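See structure below.
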Amino acid sequence: MSNLLHLLWTFSVLSVLGFGGGKGIIPEMHREVVESYQWVTNAQFTQFYTIGKLVPGPTTIFAALIGYMASPGAPLLGALVATVGMFVPSSAIMVGADVMWERFKTSPWRLIVSRGIGPAIVGLVWASVYTVSKGVSFPAAWPIEAQNWTNLVPYVTTAFVAVAMMRTKLSAPILILIAGALGTLFMRQ
Amino acid sequence: MSVEAAAPPQARVTPPSLLQIAATFAAISSTAFGGGQKASIRQQVVKQGWMDRDEFMDGLALAQVLPGPNILNLAIYCGQKTRGVPGAVAAFLGASVPPFLIILIAGALYTKYASNPWVHGALRGASVGALGLTIGNAFELSWDERDDWIKIVLLALTAVVVGLYKMPLLLVLVIFGGVGIVHEFLKSKRAGKQAAP
């Protein structure tokens with residue numbers, strides 16, 4: 001029971017702080033669910049984040065998977081509680097804001113706030129790169145030798161996806177599936 | 001697009017039923033991925049005459065300013081504008097229940113097959129892919145801030161204190177968000193002065 005309350009509280013706080021579409025909450029979420037509560041491992045955290053990017057809907061739906069693991073006695077309930085925590089508080093704010101919005105809409109503060117908070121969100125996304133990388137085990141790539149050339153595949157895949165995401169129209173799930181296929185072929189050990 | 005432009009400005013039809021709202025957002029949330037969703041919502045909502053384009057764009061701006069996934073916030077706005085709070089609840093359920101069910105299936109498959117070596121390899125590869133996506137996203141977002149060196153310094157500092165020193169999110173938003181807002185405010189004031197005759 002107390003686990004469910006911890007889940008609800010943890011994700012509710014993240015929900016309320018999820019400015020910028022929730023892009024910035026990954027490092028804080030990791031700190032709570034991997035380091036403090038140890039509900040999931042580094043590898044699981046990154047894999048769940050990956051699944052969140054693969055399925056339709058908001059990425060932060062992967063909170064459900066963390067809730068699922070955090071509540072072994074009742075995984076479905078854990079998933080539900082985490083999802084409610086992740087989505088309901090921010091949604092309630094959205095409903096409540098509608099009234100104030102009519103006044104705020106034309107105010108210059110609207111742009112000042114959303115532009116002003118931008119650099120912090122982008123910095124948080126860079127920190128997320130570090131967070132997500134903790135769950136990926138890169139093999140030693142140096143020195144390069146003919147018999148272990150597959151060690152290079154994870155590095156090349158990372159670079160390929162980053163560039164393809166910026167330079168092509170391939171969607172995030174397609175790129176993850178391509179990377180997954182490369183993984184099945186070359187990253188089994 | 002041309003259909004929209006040709007429609008008379010007062011083309012609003014009767015507001016949708018709660019079921020229609022839920023079904024519309026359920027269809028979008030379970031099929032559209034990432035960037036495509038805003039466009040599909042706009043198409044559905046404006047084309048069906050639930051609201052006009054300006055009202056929709058207001059909602060998009062609000063959805064982006066407030067915390068929470070933009071798509072979910074936008075769905076709630078559309079539900080609320082057409083059918084009040086019950087509409088907002090219908091939109092919330094429509095936009096969140098299908099992704100929840102889909103990820104539950106993914107979770108069940110995960111617990112069953114994650115230790116299979118082939119699946120394990122696929123998960124490792126996919127994780128590397130998600131890392132690449134995050135890097136690409138970070139580069140793109142940083143590029144948008146490139147014309148203002150103070151913002152670049154701010155975002156770099158944020159990345160360091162969060163990544164290396166684990167500064168709590170609330171503190172990050174208050175300090176770095178706060179400095180960013182003050183900076184943006186001073187900039188708009190300066191721009192205002194220059195523009196004055």
| Out of all the residues in segment A:98-107, is one or more within 29 Å of the chain's Cα centre (by Cα) and more than 7 Å from chain B (Cβ to nearest Cβ)? | no
| task | Tell me, yes or no, whether segment A:110-124 has at least one residue that is more than 7 Å from every other protein chain (Cβ to nearest Cβ) and without any contact (Cβ under 8 Å) to a residue 12 or more places away in the chain. | result | yes
| Matching helices (runs of 4 or more DSSP H) fully within segment A:1-61 where at least 1 residues are modelled with pLDDT under 95 and touching a Ser or Thr at 6+ places or on another chain (Cβ under 9 Å) | A:2-16, A:42-54
| request: State which residue is farthest from the chain's Cα centre (by Cα) when the search covers only segment B:82-118 and only residues that are within 7 Å of chain A (Cβ to nearest Cβ), under 25 Å from B:R53 (Cβ atoms) and touching a residue at least 12 places away in the same chain (Cβ under 8 Å). | output: B:A88
| For A:M94, all conditions in the list (1) at the interface with chain B (Cβ under 8 Å from one of its Cβ atoms); (2) in contact with a Pro (Cβ under 9 Å, 6 or more places away or on another chain); (3) in contact (Cβ under 8 Å) with a residue 12 or more places away in the chain; (4) in a helix (DSSP H, G or I) hold save one; what is the number of the exception? | (3)
| message | Given the criteria hydrophobic (A, V, I, L, M, F, W, C), in the same structural domain as B:S30 (by TED's automatic domain parsing) and surrounded by 22 or more Cβ atoms within 10 Å (Cβ to Cβ), does B:I135 qualify? | response | no
| query | Within the group A:L17, A:L7, which residue is away from chain B (no Cβ under 11 Å) and farther than 20 Å from B:S115 by Cα? | reply | A:L7
| Count - residues of segment A:130-163 that are surrounded by fewer than 23 Cβ atoms within 10 Å (Cβ to Cβ) and assigned to a helix (DSSP H, G or I) | 15
| request: Please enumerate the residues belonging to segment A:133-189 that are at pLDDT below 85 and facing chain B (nearest Cβ under 9 Å). | output: A:S137, A:R188, A:Q189
| query | For residues in segment B:152-167 being facing another protein chain (nearest Cβ under 7 Å) and at pLDDT below 95, which is surrounded by the fewest Cβ atoms within 10 Å (Cβ to Cβ)? | reply | B:K166
| Does any residue of segment B:40-55 turn out to be more than 7 Å from chain A (Cβ to nearest Cβ), within 14 Å of the chain's Cα centre (by Cα) and among the hydroxyl-bearing types (S, T, Y)? | yes
| said: Just the residues that are more than 11 Å from the chain's Cα centre (by Cα) and of a type outside the set (F, W, Y), please, taken from segment B:56-81. | reply: B:M57, B:D58, B:G59, B:I76, B:C78, B:G79, B:Q80, B:K81
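The values are calculated or read from the model by the stated rules, or taken from the named source; none is laboratory data. Quick caveat, the model's predicted, so the values are computed rather than measured. Methodologically, a virtual Cβ is constructed for each residue, glycine included, from the backbone with ideal geometry; neighbour enumeration extends over all protein chains shown.
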